[in-house]
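Student: Sending over a structure as structure tokens; questions will come in a sec.
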Amino acid sequence: MVAPLNVGIAGLGTVGAEVVRLIEAQARSLLVRSGRGVRVVAVTARSRTRKRGLDLRGVDWAKDALAVATDPNVDCFVELMGGAGDPALSAIEAALEAGKSVVTANKALVARHGLRLARIAEAHGGALNFEAAVGAAIPIVKTLREGLAGTEIDRVYGILNGTCNYILTRMEQEGLSFAECLKDAQRLGYAEANPSFDVDGHDTAQKLAILASLAFGTQVAQSAVYVEGISSITPEDLRAAEELGYRVKLLGVAVRTKTGIEQRVHPTMVPKSSSIAQVMGVTNAVTIDGVGISPITLVGPGAGGAATASAVVADIADVARGIRAKPFGRPVARLRATRKAPMERHEGGYYIRLMARDLTGTAATIATRLAERDISIESIVQRQPERANDDKISTRKPSPVPVILITYATSEDAVRSALQAVQRDKVISGRPQVIRIEKN
């Protein structure tokens, strides 16, 4: 009989407590599937007295994460504390240096220190598993690292933040402003009190940096990701997208180009017919485009205690099975350096919304500036402002007219240059709204 895998857990919050419950509830299934039992033998958390609904009799309560990581009775150290630095980092390093395997859901730590930790895991023979760090219950890490090991990936992109997807869904369906939806998301617990990490795109950027490494064999580098958030999106943009056959999503996109791997996070218009466009609310989704295969889209809950815990336990089961995959699918020494791709070189279609002054020659001026940069227009929509019949009101200066343009594929540099010229011509009011379009 093979001895059980002894697990030590640092962090007993929503996810950690659910991991303990799952291991107990799935004990027989884990034994059958892994050929080895799994049991929790040590834990630590900020508060020992907090009510968690767990029976921890017979489980050692360690003074801190490092004590769990170095406990000689622990075979697999599970880090669920969070944070990109200590104490999580030091504890994981200690566990790996002792030859133990590590499971973590810590995307911030993997994005910043993943290569360093992977080197230690390679040197000492332990596993470093982090399925729950990206997409929670969606098995995207294993899919890229193992399931598609024989496929050359061209592009991986997806909805990687449930908070942003929830806000954009509510804005679209109810015509609410960004501020209104954000406030409601905070009330419901979908957004933090300080939501900038989510809504400004940084959470998505960390996850995308990890996916890009797995997909393309590059070093994990969050600094190589271009990032925009969703706070500039308005109900007018979402209504226009609907009329034009698109839907707006905050996407993380990593794509192979002639000049290298382009990694970007920004609001994106996607065709309503695409799989990713159907994903609403707090749900996450990732699409993979590879050579010789049709696009693969994985959809599921990207956060939450149960969803994240399921991925953590799946990683623990892999350790019990004896699986020791390279953390990023390749030896660290074979991962290629990457740097931030200049967005000016990005090529694709664009949605442009302008507030054009109601003056003679405005349309011709805009068309000329776009033509000078070889920008071709696929469609154009001009909305006339409502006119009042009141004579007194009708003597006021004409209101700016919303003009919406959809371009054929062009470069970011051309679009920016053309719009700067249009602004200098003083034929529009305010700043143009620009949203990139991602085709199927």
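Student: Protein chains only, probe 1.4 Å: how do PHE216, PHE197 rank by accessible area, largest first?
Tutor: So, going from the largest accessible area down, we get PHE197, PHE216.
Student: What is the distance, in nm, between label points placed 7 Å from the Cα along the Cα-to-Cβ direction at ALA3 and at GLU372?
Tutor: Taking the two extended label points, one gets 7.6 nm.
Student: Sticking with this one: Based on a Kirkwood Rh over C-alpha pairs, give the Stokes-Einstein translational diffusion coefficient of the range 99-237 at 4 °C and viscosity 1.567 mPa s in µm²/s.
Tutor: Estimated diffusion coefficient is 78 µm²/s.
Student: Once the cut-off is 34 Å, how many percent of the Cα-Cα pairs in the chain end up in the long-distance tail?
Tutor: Looking at the chain, the distances longer than 34 Å represent 40 percent of pairs.
Student: Now a separate question. Within the chain, what percent of beta bridges assigned by DSSP are antiparallel, to the nearest 5?
Tutor: Looking only at bridges with both residues in the chain, the antiparallel portion is about 70 percent.
Student: Roughly how many Å is it from the Cα centre of the range 240-297 to that of the range 101-180, as a whole number?
Tutor: If you average the Cα positions of each part, the centres end up 15 Å apart.
Student: Any idea what angle helix 305-321 forms with the longest principal axis of the chain, computed on alpha-carbon atoms, 0 to 90 degrees, nearest 10?
Tutor: With both axes taken from Cα atoms, the answer is about 50 degrees.
Student: Let me ask another. What whole number of Å gives the distance from the Cα centroid of the range 1-76 to the Cα centroid of the range 312-371?
Tutor: Using only Cα atoms to place each centre, the spacing works out to 38 Å.
Student: Once you put a point 7 Å from the Cα of GLN173 and another 7 Å from the Cα of GLU347, both along the Cβ direction, what distance in nm separates them?
Tutor: 3.9
Student: Assuming a ≥ b ≥ c are the square roots of the Cα gyration tensor eigenvalues, decide whether the range 25-100 counts as rounded (a/c under 1.5), prolate (otherwise, with a/b larger than b/c) or oblate.
Tutor: Here the range 25-100 falls in the oblate category.
Student: Would you mind computing, in nm to one decimal, how far apart the modelled labels at LEU115 and LEU54 are, each placed 7 Å from Cα along Cα→Cβ?
Tutor: About 3.5 nm, to one decimal.
Student: Relative to the Cα centre, what is the charge dipole magnitude of the chain, using +1 at the beta carbon of each Lys and Arg, -1 at the beta carbon of each Asp and Glu, and rounding to the nearest 20 debye?
Tutor: So the magnitude is around 460 debye.
Student: On to the next question. Just reorder LEU66, LEU89 by solvent-accessible area, largest first, 1.4 Å probe, all chains present.
Tutor: Descending order: LEU66, LEU89.
Student: Using a Förster distance of 35 angstrom, determine the FRET efficiency expected from the C-beta separation of ALA123 and ALA193, and round it to 0.05.
Tutor: 0.30
Student: Straight distance only, please: which aspartates and glutamates reach the Cα of LYS258 with their own Cα at less than 14 Å, same-chain residues fewer than 8 apart left out?
Tutor: Cross-link targets: ASP154, GLU347.
Student: If you count only protein heavy atoms with a 1.4 Å probe, what accessible area per residue comes out for the range 306-378, rounded to a whole Å²?
Tutor: That works out to 50 Å² for each residue.
Student: Quick check for me: using +1 on Lys/Arg Cβ and -1 on Asp/Glu Cβ, what's the dipole size of the range 1-104 about its Cα centre, in debye to the nearest 20?
Tutor: 520
Student: How much length, in nm to one decimal, is gained on full extension between LYS439 and ALA27, taken as 0.36 nm per residue of separation minus their Cα-Cα distance?
Tutor: Result for the pair: 143.8 nm of gain on full extension.
Student: As I understand it, the value is the acute angle between the Cα axis of helix 88-97 and the longest principal axis of the Cα atoms of the chain; what does it come to in degrees, rounded to 10?
Tutor: Roughly 50 degrees between the two axes.
Student: So, with a 1.4 angstrom probe, what is the percent of accessible area on the range 38-179 that is carbon and sulfur?
Tutor: Carbon-and-sulfur percentage of accessible area, whole number: 45.
Student: Now, a different point. Cα gyration tensor of the range 273-350, axes a ≥ b ≥ c as square roots of the eigenvalues: rounded (a/c below 1.5), prolate (a/b > b/c) or oblate?
Tutor: Judged from the Cα gyration tensor, the range 273-350 comes out oblate (a/c at least 1.5, b/c at or above a/b).
Student: Tell me whether the range 1-140 comes out rounded, prolate or oblate; compute the Cα gyration tensor, take square roots of the eigenvalues as a ≥ b ≥ c, and use a/c under 1.5 as the rounded threshold.
Tutor: It is rounded, given that a/c, with a ≥ b ≥ c, falls under 1.5.
Student: Please work out how much length the chain gains when fully extended from LYS426 to GLU236, using 0.36 nm per residue of separation minus the C-alpha to C-alpha distance, in nm with one decimal.
Tutor: Stretched out fully, the LYS426 to GLU236 stretch lengthens by 66.2 nm.
Student: What does the accessible area of ASP75 come to, in Å² to the nearest 10, when a probe of 1.4 Å is used?
Tutor: Spelled out: ASP75, probe radius 1.4 Å, area about 60 Å².
Student: Quick check for you: with a 1.4 Å probe and neighbouring chains kept, what is the accessible area per residue of the range 164-225, in Å²?
Tutor: Solvent-accessible surface per residue comes out at 38 Å².
Student: Using only the alpha-carbon atoms, how far is helix 162-174 inclined from the longest principal axis of the chain? Give it as 0 to 90 degrees, nearest 10.
Tutor: Tilt relative to the chain: about 40 degrees.
Student: Let me ask another. Counting only protein chains, not ligands or nucleic acids, how are LYS326, LYS107 ordered by accessible area (probe 1.4 Å), most first?
Tutor: Output order, biggest surface exposure first: LYS326, LYS107.
The values are calculated or read from the model by the stated rules, or taken from the named source; none is laboratory data. This is a predicted model, so every value here is computed, not measured. Cβ sites come from the backbone with ideal geometry, for glycine too, and all protein chains shown count toward neighbours. Accessible surface areas use protein heavy atoms only, side chains included; no ligands, DNA or RNA. Shrake-Rupley method; radii C 1.70, N 1.55, O 1.52, S 1.80 Å.
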